[in-house]
Every structure is written in C-alpha cells, then in structure tokens.
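Single-structure report; data block below.
The values are calculated or read from the model by the stated rules, or taken from the named source; none is laboratory data. Please read these numbers as outputs of a predicted model, since none were measured by experiment. No Cβ is skipped: glycine too gets one built from the backbone with ideal geometry, and neighbour counts run over all protein chains shown.
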Amino acid sequence: MNPEVTTETAPNDPTPALKYDRMLVVLHWVLAFGLIAQLGLGVWMEDIPKDPPGIRAQWFNLHKSIGICLGLLILWRLGWRVTHSVPAAPLGVSPFLQKLGTWNHRLLYLCMVVLPVSGFLGSSFSPYPVKFFGMALPKLWDASPEGKEFFGELHELSADVLMTLIALHVIAALWHQFVKRDGLLSRMGWRR
C-alpha cells in the first residue's frame with residue numbers, strides 16, 4: 001500500500017480523514033520553520049571571518065546544537081509518519097502530480113535525515129569536540145581530514161538539495177491554494 005495515498009479514519013468511522021493528525025501538523029510546522037532558519041543560519045555562517053577567534057566557533061557550535069535538536073525532531077516525525085496514515089490526495093489531482101508530490105516528499109525526508117547526520121559526522125571527524133549547547137560530547141573516533149571533508153561536502157550538497165526541494169514544495173502548496181483551489185493546503189492547517 002502506498003503510504004502517500006492512504007486515508008486515516010477514527011475507529012468505527014468510515015469517512016476518510018481530510019487533514020493530517022495534529023502531531024504531524026505540529027511537527028511539520030516546527031520543522032519547517034526550524035529547518036528554514038537553520039539553513040539560513042548555515043548560509044550566513046559561511047561568511048563569518050575566522051578572525052577574531054571564537055566568534056565563528058560560537059556560531060558553528062550553536063548551529064550544531066540546533067542541528068542535533070532538529071535531527072531528533074526529524075526522527076520523531078519520520079517515526080510518526082511511518083506509523084500513521086495520511087489523507088488521500090484531493091479529488092482531481094492527476095496521477096502524474098501525485099507521483100511528483102510523492103517523490104518530493106520522499107526526497108525531503110531523505111535530505112532531512114542526511115543533513116543532520118552528515119553535519120554531525122563531519123564535525124565528529126574534526127579535531128575539535130562537538131559541543132551541544134556548550135557541553136562537549138564524547139569523541140567517537142580520531143580526527144580525519146578526509147572524513148571531515150567528505151561529510152562536510154555531503155552536508156553542503158544535502159543543504160542545497162533541501163533548499164531546492166523546499167522551494168518546490170512551497171510553490172506546489174501555493175499553486176494548490178491559489179490556482180487549483182483544491183483545499184490541499186488546509187490539510188496541514190491548525191483548525192479541525
């Protein structure tokens with residue numbers, strides 16, 4: 001069964017759900033704002049000069065701490081998503097557009113997992129400890145310039161792909177809301 005087109009119903013209720021459950025709505029919006037802010041912070045941090053020492057490290061440590069928190073929320077959302085069904089696509093959405101939406105969501109999830117994991121691994125291979133809001137985490141392995149470079153490049157690539165996928169996701173949501181007017185966006189709304 002394709003998880004993107006299943007319906008959610010209350011016990012003994014034959015009517016398909018029209019909206020995502022409250023937990024997925026909350027996780028969607030918390031992660032949406034958190035990831036966009038984190039991506040913006042990551043892009044901004046690239047221009048922080050290395051001199052004077054300390055300022056750049058403080059921002060990078062904050063970025064890593066937020067990334068760890070977002071990574072845990074992403075795992076929670078992924079776990080919730082695979083154990084709970086979602087509403088079926090609105091009537092009138094072509095199979096081609098449904099397939100595009102399905103693949104966009106799959107790639108969003110993939111990038112949301114790869115991004116914090118690659119960031120953490122890249123930082124773990126650096127000679128400096130990973131700090132979680134100032135607390136140094138245990139070193140998992142020795143420093144490796146090759147490991148740091150590989151995971152650093154993977155982190156940047158996944159961030160670029162994620163930004164593109166988010167832009168496509170937002171454009172599609174706006175198209176459904178203002179051009180198609182099929183109520184798709186309201187499925188991720190707060191009101192029941």
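Of the residues in region 45-53, none is surrounded by 14 or more Cβ atoms within 10 Å (Cβ to Cβ), in contact with a helix residue (DSSP H, G or I) (Cβ under 7 Å, 6 or more places away or on another chain), closer than 29 Å to D142 by Cβ and among the charged types (D, E, K, R). Restricting L91, L73 to residues that are aliphatic (A, V, I, L, M) and more than 20 Å from I36 (Cα to Cα) narrows the list to L91. Only one entry in R81, R77, R106 is under 23 Å from E156 (Cα atoms), part of a helix (DSSP H, G or I), touching a helix residue (DSSP H, G or I) at 6+ places or on another chain (Cβ under 8 Å) and of a type in the set (D, E, K, R), namely R77. Residue pairs whose Cβ atoms lie under 9 Å apart, sitting 6 or more positions apart in sequence or on different chains, and linking a residue in region 42-53 that is β-branched (V, I, T) to a partner that is assigned to a helix (DSSP H, G or I), are V43/A159; V43/M163; I48/I55; I48/R56; I48/W59; I48/F60. Of the residues making up region 135-145, at least one is part of a helix (DSSP H, G or I) and modelled with pLDDT of 95 or more.
Residue under question is V25, and the condition is that it be closer than 26 Å to F150 by Cβ, surrounded by 14 or more Cβ atoms within 10 Å (Cβ to Cβ) and within 21 Å of the chain's Cα centre (by Cα); does it hold? It is false that V25 is closer than 26 Å to F150 by Cβ, surrounded by 14 or more Cβ atoms within 10 Å (Cβ to Cβ) and within 21 Å of the chain's Cα centre (by Cα).
Within region 30-55, the only residue that satisfies the criterion of being modelled with pLDDT under 95 and part of a helix (DSSP H, G or I) is I55. Among the numbered conditions (1) farther than 24 Å from V30 by Cα; (2) of a type outside the set (D, E, K, R); (3) assigned to a helix (DSSP H, G or I), tell me where G92 comes up short. Result: G92 passes all but (3).
Which of the residues that make up region 177-192 are surrounded by 14 or more Cβ atoms within 10 Å (Cβ to Cβ) and over 20 Å from L24 (Cα atoms)? Result: K180, D182. In region 164-192, the residues that are under 20 Å from T102 (Cβ atoms) reach residues that are among the β-branched types (V, I, T) with C-beta atoms within less than 6 angstrom, at least six apart or across chains, in these pairs: M188/V25. Of all residues in region 134-147, those that are without any contact (Cβ under 8 Å) to a residue 12 or more places away in the chain have Cβ atoms under 9 Å from Cβ atoms of residues that are assigned to a strand (DSSP E or B) and surrounded by 12 or more Cβ atoms within 10 Å (Cβ to Cβ), 6 or more apart or on another chain, in L137/K131. The residues of region 125-155 that are crowded, with 17+ Cβ neighbours inside 10 Å and under 30 Å from N104 (Cβ atoms), listed by number, are F151, G152, L154, H155.
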